[in-house]
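Single-structure report; data block below.
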Amino acid sequence: MKQINHIIGGNEIASTSGRTSEVYNPATGEVTATVGLASVEEVDSAVAAAKEAFETWGTTSIAKRTAIMYRFRDLVDKHAKDFAALLTAEHGKVLSDSLGEVNRGLENIEYACGLAEHLKGSFSQEASTGIDVYSVRQPLGVVAGITPFNFPAMVPMWMYPNAIAAGNTFVLKPSEKDPSVNLLAAELLDKAGLPGGVFNIVQGDKVAVDRLLEHPDVMAVSFVGSTPIARYVYTTGTDNGKRVQALGGAKNHMVVLPDADIGLAADAAVSAGYGSAGERCMAISVIVAVGSAADPLIEAISQRIPDLAVGDGTDPASQMGPLITKEHRDRVASFVTNAPAEGATVIVDGTEQKFDGDGFFLAPSLLDNVTPGMACYDQEIFGPVLGVVRVDTYEKAVKMIADNPWGNGTAIFTRDGGAARQFQVDVDAGMVGINVPVPVPVSYYSFGGWGDSIFGDSPAYGPDGMRFYTKAKVVTSRWPDPATSSIDLGFPQNV
């Protein structure tokens, strides 16, 4: 049985905690590996290795750090299919989706390659008589990342490339459900020339999370996951004096106006609702059909669902793979089976489709007449279930999004440019798509929602991500003639 270990100080280290977790192939239900869960002492060892490495990495030249990031970028690109194979084997998503995830991660590595531009300070000559003022950005020290199962390659790549490029050292706690892909990343960072201890991995669960949040030598923590855990990470981390960015869950609404191209909107809804089996925080889970858009849109989506091929992610014919665990599959299915009792209408029931074997499969479902107050609306489902809410006006659609506690992403489908422009002004969400169903920003913008979708004021990656991993310092400098020096107890004036 494959054993998945830690990476500490550049070395692979087996856990001695005595606690383990099983890793499954979701397409077969088979256990493929065991992962050793870190003890407090093992987390401390990783942080100590990172702290020691920071003594030299933090002062390594920008030129050398840039060269390593470029080499790492090329190695990830070269091994993209290897990353994808690991993703599909442990997460279950289809290979094309896995490759897409790796490519989006590559974008963030490429952004980190521009660290010479990102870390430039500013300079004001003769800000006052004989005085120059300038600013610099410096690394924080040891920083940590706690990442989810749904994007085990891409989300860590939102974090450690920027953090390491900025001069920090990094401790990653990936999901114990699909951890192997980050071991490959560590191997490639080593090949790229990254010194041992700059990038460390501790496999683990809440024990590791809590220790990272409490450890006095960890300066900052990045987190992506569910809203309850994001709130916990933010509160615990900040209580321990850390800088924290914690991205939580979502309930993303797609508004379809009566003038929209119904075929285009239906294609987008199917892609955004059922892609990655709905296991993504930017998935569309609620369609807000305005007025006469509802009936033709539901009909168009219903016609498309039977053509979706659900199966093993390694099969090129598969368009959607299994869910991550049996327990999660059953939880998602319960939203469909319980919907009629709450007043919703099941248009397509994915729980009725049967699959051979013991994989964690669930076919797409479509619900109509969903309203706030129903579990299928109020909770983050994180699976292949689309709910349709009917409203009669644009204003009610916007209000519904504003009333929802999450504010991650949203989209509008319309042919009316004025309505689309007004929507991006009116809507309460951090990421907005106009005829784009999954508006994940490119790497040179930052990712983050509003409301209960984020805790802390720093979104992930992009300019905000780079600022998160650095601290600003302003220097005021004067080189006077000693002969003119004198004592002045007055408040300094800018003259």
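Output the 0 to 90 degree angle, nearest 10, between the alpha-carbon long axis of helix 262-274 and the longest principal axis computed from the alpha carbons of the chain.
The answer is roughly 70 degrees.
Measuring from centroid to centroid over Cα atoms, what is the spacing of segment 448-495 and segment 228-300 in Å?
Between the Cα centres of segment 448-495 and segment 228-300 lies a distance of 37 Å.
Roughly speaking, what is the centre-to-centre gap between segment 160-227 and segment 86-150 when only Cα atoms are used, to the nearest Å?
14 Å
Give the lysines reachable from LYS471 as a straight Cα distance under 19 Å; neighbours fewer than 8 places away on the same chain don't count.
LYS51, LYS120, LYS242
For a protection proxy built on the mean count of beta-carbon atoms within 10 angstrom, sort 485-491, 461-467 highest first, please.
The peptides rank, most packed first, as 461-467, 485-491.
List the lysines whose alpha-carbon lies under 23 Å from that of LYS81, not counting same-chain residues fewer than 8 positions away?
Counting by Cα, and skipping residues close in sequence, LYS81 has these lysines nearby: LYS2, LYS93, LYS177, LYS191.
Quick one: angle between helix 80-90 and the longest Cα principal axis of the chain, in degrees between 0 and 90, rounded to 10, please.
60 degrees
Nearest 500 deg cm²/dmol is fine: what mean residue ellipticity at 222 nm does the chain get from its DSSP H runs of n ≥ 4 alone, each adding -39,500 (n - 2.57), divided by its residue count?
-11500 deg cm²/dmol
Hey, which aspartates and glutamates would be in cross-link range of LYS206, C-alpha to C-alpha under 18 Å, not counting anything within fewer than 8 residues on its own chain?
GLU22, GLU41, GLU42, ASP44, GLU176, ASP178, GLU214, ASP239
Order these peptides, 102-110, 422-430, by their mean beta-carbon neighbour count within 10 angstrom, highest first.
Sorting 102-110, 422-430 by mean packing, highest first, produces 102-110, 422-430.
Tell me, what is the percent relative contact order of the chain, built from C-alpha pairs under 8 Å that lie six or more residues apart?
On the way: 1152 pairs, mean separation 88.6, N = 495.
Relative contact order here is 18 percent.
What's the Kirkwood radius of segment 1-68 in Å, using all Cα pairs?
14.3 Å
Relative to the Cα centre, what is the charge dipole magnitude of segment 252-434, using +1 at the beta carbon of each Lys and Arg, -1 at the beta carbon of each Asp and Glu, and rounding to the nearest 20 debye?
240 debye
Quick one: angle between helix 227-239 and the longest Cα principal axis of the chain, in degrees between 0 and 90, rounded to 10, please.
20 degrees
Where does segment 240-308 land on Rg/Rh, using Cα atoms and the Kirkwood Rh?
1.16
Report D for segment 364-407 in µm² per second (integer): Stokes-Einstein, Kirkwood Rh on Cα pairs, 37 °C, 0.692 mPa s.
Approximately 290 µm²/s, per Stokes-Einstein.
For segment 203-272, give the magnitude of the charge dipole about the Cα centre (Cβ charges: +1 Lys/Arg, -1 Asp/Glu; no others), in debye to the nearest 20.
280 debye
Which value, in debye to the nearest 20, gives the size of the charge dipole of the chain about its Cα centre, when Lys and Arg are +1 and Asp and Glu are -1 at the Cβ? The partial results should precede the final answer.
Values: 37 positive and 58 negative charges, 227 e Å.
Dipole about the Cα centre, nearest 20: 1100 debye.
Calculate I(q)/I(0) for the chain by the Debye formula, one identical point scatterer on each C-alpha and no solvent, and give its log10 at q = 0.08, 0.12 Å⁻¹ to two decimals.
-0.53, -1.07
Sort largest first and round to whole Å: the equivalent ellipsoid semi-axes of segment 252-434, each the square root of five times a Cα gyration tensor eigenvalue.
They are 27, 17, 15 Å, listed largest first.
Of the options THR235, VAL290, PHE151, report the single residue whose Cα projects farthest towards the positive end of the charge dipole of the chain (beta-carbon charges: Lys, Arg +1; Asp, Glu -1).
It is THR235.
With unit charges on the beta carbons (Lys and Arg positive, Asp and Glu negative) and the dipole taken about the Cα centre of the chain, which residue among SER15, ALA339, GLY197 sits farthest to the positive side?
GLY197
Over the Cα atoms of segment 1-138, what radius of gyration and what Dmax do you get, in Å?
Every Cα atom of segment 1-138 included, Rg and Dmax give 21.3, 74 Å.
How do 155-165, 290-300 rank on mean C-beta neighbours within 10 Å, highest first?
Numbers: 155-165: 28.4, 290-300: 18.5.
With the highest mean Cβ count within 10 Å placed first, the list reads 155-165, 290-300.
Stokes-Einstein at 37 °C, 0.692 mPa s, Kirkwood radius from Cα pairs: D for segment 161-293 in µm² s⁻¹? Spell out each step's value before the answer.
Working: Rh = 17.8 Å.
Using the Kirkwood radius from Cα pairs, D works out to 185 µm²/s.
Positive end of the dipole of the chain, charges at C-beta (+1 Lys, Arg; -1 Asp, Glu), about the Cα centre: which of HIS79, PHE491, GLY359 has its Cα farthest in that direction?
Of HIS79, PHE491, GLY359, it is PHE491.
Values quoted throughout were computed directly from the atomic coordinates according to the rules given, and no laboratory measurement underlies them. Keep in mind that this is a model prediction, so the values were computed, not measured. With ideal geometry, Cβ positions are generated from the backbone for all residues, glycine too; neighbour counts draw on all protein chains shown.
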